[in-house]
Amino acid sequence: MSAIRALQASARQSRLLAETSSRLSAHYIQTRSVQTQPAYEGHIPLNWFETGLLTIGSAYKALTDPRRGDMVAAIGDLTSGLVLPRLRDIMLASTEGRQILKERPRISTRTVDLEKLALLPEGTVGHAYISWLERTGVTPDTREPVHYIDDPELAYVMQRYRECHDLYHCIFNLPVNFESELALKYFEFANLGLPMAGFAAAFAPLRLNSEKRARLFNEAVPWAIKCGTSAKSLITIYWEKRWEQDVKKVKEEFGIWDPPVVRWRKPLNGTKLATAKAQRESGGQ
């Protein structure tokens, strides 16, 4: 009899465990199905395990191969969760920032008339931007879309930063090379507080030789930290409304100044010729 009672008790425990397991599984499936519904175009929801795995993998790839823009973007998405609400609040506290969040402008060849910018006078933001694009061979379409940030508004804040990154290069007259990118990452970490920028600033200098590393820490880093911490947050600049504004006036308004002497490989002559050509073509129409 005792054996039967033991079996019955065991059976009851098994049924209880099965029912509990079934309820937990159903809850997980239901929760998972809700969480995997994309919140915006391009959104890829992840659970905690997937987030951790992708964070480790993308960090490793971004460090070993900085040319992997998708991995650099992924680590940016995955590590910025605590910072993006603060950046959104900074934007909300600014008239210009609130307008950006309301209108959600995008910077690409589909939304920015590059030919029109080439006709603007020298010294304006628009002319400086088109000159920088031509000189570096970069286009506004090279920025990766946001995938792994769940909140649509915070995802836009990250996308906005990403699409304005080239304008930070432009406003500081920084070329596209490893040292200049690192200098800008130090500035972005000081000014915006993005963990991705801090991650790059902490580990990427290890890839430099001793001479370049010394120059980075003696010249660029002091500028980046001092300028980034004292300046207004650049995330609040509505660049599209400022194409015709003088670059110097923008720098004065936001409290930023040029970095130490930068080293460009490509002379500026090519961009001036391209601008002159655009002006001639416009005048002939």
* To do: Can you run down the residue pairs with Cβ atoms below 6 Å, 6 or more apart or on separate chains, where the first is in the range 135-153 and closer than 19 Å to residue 105 by Cβ and basic (Lys, Arg) and the partner is assigned to a helix (DSSP H, G or I) and modelled with pLDDT of 90 or more?
  => 143/162; 143/163
* Asked: Does residue 107 meet the test of being β-branched (Val, Ile, Thr), within 20 Å of the chain's Cα centre (by Cα) and either under 15 Å from residue 241 (Cα atoms) or open to solvent by less than 40 Å² (accessible area, probe 1.4 Å) (or both)?
  -> yes
* Asked: Among the candidates 128, 74, which residue alone is within 18 Å of residue 165 (Cβ to Cβ), open to solvent by less than 20 Å² (accessible area, probe 1.4 Å) and among the aliphatic types (A, V, I, L, M)?
  -> 74
* Got at least one residue in the range 187-197 being surrounded by 21 or more Cβ atoms within 10 Å (Cβ to Cβ) and of a type in the set (D, E, K, R)? -> yes
* **Given (1) open to solvent by less than 50 Å² (accessible area, probe 1.4 Å); (2) in a helix (DSSP H, G or I); (3) at pLDDT 95 or above, index of the condition residue 153 fails** => (1)
* Can you tell me which residues in the range 233-252 are in contact (Cβ under 8 Å) with a residue 24 or more places away in the chain and of a type in the set (Lys, Arg)? -> 241, 242, 248, 251
* Run down 64, 95 and say which single residue is within 26 Å of residue 166 (Cα to Cα), at pLDDT 95 or above, more than 18 Å from the chain's Cα centre (by Cα) and of a type in the set (Val, Ile, Thr). => 95
* Asked: Do you know which residues across the range 230-240 are open to solvent by 20 Å² or more (accessible area, probe 1.4 Å) and assigned to a helix (DSSP H, G or I)?
  -> 230, 240
* What's the number of the condition residue 102 fails, among (1) outside any loop (DSSP other than H, G, I, E, B); (2) surrounded by 12 or more Cβ atoms within 10 Å (Cβ to Cβ)? -> (2)
* Tell me which residues, restricted to the range 114-128, are part of a helix (DSSP H, G or I) and under 17 Å from residue 172 (Cβ atoms). => 125, 126, 127, 128
* Does at least one position in the range 156-173 carry a residue that is at positive phi, free of Cβ contacts under 8 Å to residues at least 60 places away in the same chain and not in a helix (DSSP H, G or I)? -> no
* Asked: Looking at this structure, is residue 143 charged (D, E, K, R) and either farther than 30 Å from residue 116 by Cα or open to solvent by less than 60 Å² (accessible area, probe 1.4 Å) (or both)?
  -> no
* Among the residues of the range 182-229, which ones are touching a residue at least 40 places away in the same chain (Cβ under 8 Å) and assigned to a loop (DSSP other than H, G, I, E, B)? -> 193, 194
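The values are calculated or read from the model by the stated rules, or taken from the named source; none is laboratory data. In this text the structure is predicted, and so the values were computed from the model without any measurement. All Cβ positions, glycine included, derive from the backbone under ideal geometry; neighbour counts span all protein chains shown. Just the protein is used for accessible areas: all its heavy atoms, side chains included, with ligands, DNA and RNA removed. Shrake-Rupley method; radii C 1.70, N 1.55, O 1.52, S 1.80 Å.
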